[in-house]
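All remarks here apply to the structure that follows.
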Amino acid sequence: MTYSKVKENQASPRKLLKIILYGYMNGLYSSRDIEKACYRDINFMFLLEGSKAPDHSTIARFRTLHFASCAEHILAQTTNFLYEIGEISEVSKHQSNSIRTYRTTSI
């Protein structure tokens, strides 16, 4: 397994997922931009919980190998959760479902 021997001060897969999702929520899609934010933004530092900031190649590799296969499911769950707690409206949820339906039928 890729992350079976994570050192004590390195970012775990859970932490990598947190920073990728938080980066996406803030308009950061580039692994280099996310890496830079891990050094400069206190919110990213908080999500890393004291771990060393991962470099851009680690972020890109994690995204390709692990996040890509489950991204749609995770983002759908996030949308449903935000709707349930009242952070987004039915219109936003419907738009998200329409995009998801378009992606699955057009591929």
_residue 39-residue 26 pseudo-label distance in nm [points 7 Å out on the Cα-to-Cβ vector]_ = 1.5
*Once both labels are modelled 7 Å past Cα along the beta-carbon direction, what's the residue 61-residue 77 spacing in nm?*
2.5
*Fewest-first sequence of 12, 51 by Cβ atoms within 10 Å of each Cβ*: 12, 51
_Estimated D of segment 4-85 in µm² per second, where Rh is the Kirkwood radius over Cα pairs and Stokes-Einstein applies at 4 °C, 1.567 mPa s_ = 99
*Take 49, 35 and order them by how many other Cβ atoms sit within 10 Å, fewest up front.*
49, 35
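All of the numbers you see were taken from the coordinates with simple rules; none came from a lab. As the structure is a computational prediction, the values presented were derived from the model and not from experiment. Cβ atoms come from the backbone with ideal geometry, glycine included; neighbour counts cover every protein chain shown.
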